[in-house]
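What follows is one structure encoded as structure tokens, with my remarks underneath.
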Amino acid sequence: MQPETLGFFERVYGVARQIPYGRVTSYGAIAKYLGAGKSARIVGYAMNGSHGKDVPAHRVVNQKGLLTGKHHFEGTNLMQQLLESEGIEVVDHQIQNLDAIFWDPAKEL
DNA sequence: CCGATGACTTGAC
DNA sequence: GGTCAAGCCATCG
């Protein structure tokens, strides 16, 4: 596979796959790290094709820590279950203590 | 090539 | 401080 030829999407998958256990990040942070900056929507759109890949999409949330993409998952609470399994506190599809578990690729990488 | 879409972000009221 | 609207950029038809 040659990610560079595949496009921006694979780029997103690569970053998402590097998200540490028990941590989460935002679409904007990934977009900024990739140089897109304002293309946060493209990151989410890319995640739409993350199905079938080892991309922990459940670790990617919006800036508020809200599980916006949960609707695209199989179940309604599957995404929350996965996050809670990693020790992340999630209430009403919203991540608690976000600042503590937030993972910024631009800083960590 | 142009138009439409989208798991977002930020600014304004 | 919460809600509404517009913007932005890459992919697809």
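Checking each residue in the stretch A:54-88 for being in a loop (DSSP other than H, G, I, E, B) and closer than 24 Å to A:GLU10 by Cα picks out A:ASP54, A:VAL55, A:PRO56, A:ASN62, A:GLN63, A:GLY65, A:LEU67, A:PHE73, A:GLU74. What do you reckon, is A:ILE19 of a type in the set (A, V, I, L, M, F, W, C), modelled with pLDDT of 95 or more and under 15 Å from A:GLY69 (Cβ atoms)? Judged against the criteria, A:ILE19 is a match.
Looking only at residues of the stretch A:89-109 that are buried (at least 17 other Cβ atoms within 10 Å of the Cβ) and assigned to a loop (DSSP other than H, G, I, E, B), we find that the one that is nearest to DNA strand C (Cβ to nearest atom) is A:HIS93. Please pick out the residue among A:VAL12, A:VAL43 that is within 13 Å of DNA strand C (Cβ to nearest atom), surrounded by 14 or more Cβ atoms within 10 Å (Cβ to Cβ) and within 25 Å of A:VAL91 (Cα to Cα). The unique qualifying residue is A:VAL43. For the stretch A:19-32, name all the residues that are touching a helix residue (DSSP H, G or I) at 6+ places or on another chain (Cβ under 7 Å) and in contact (Cβ under 8 Å) with a residue 60 or more places away in the chain. Residues satisfying the conditions are A:ILE19, A:GLY22, A:ARG23, A:VAL24, A:THR25, A:ALA29, A:ILE30, A:LYS32.
The values are calculated or read from the model by the stated rules, or taken from the named source; none is laboratory data. Bear in mind that the values here come from a model prediction, so they are computed numbers and not experimental data. Virtual Cβ from ideal backbone geometry, glycine too; neighbours counted across all protein chains shown.
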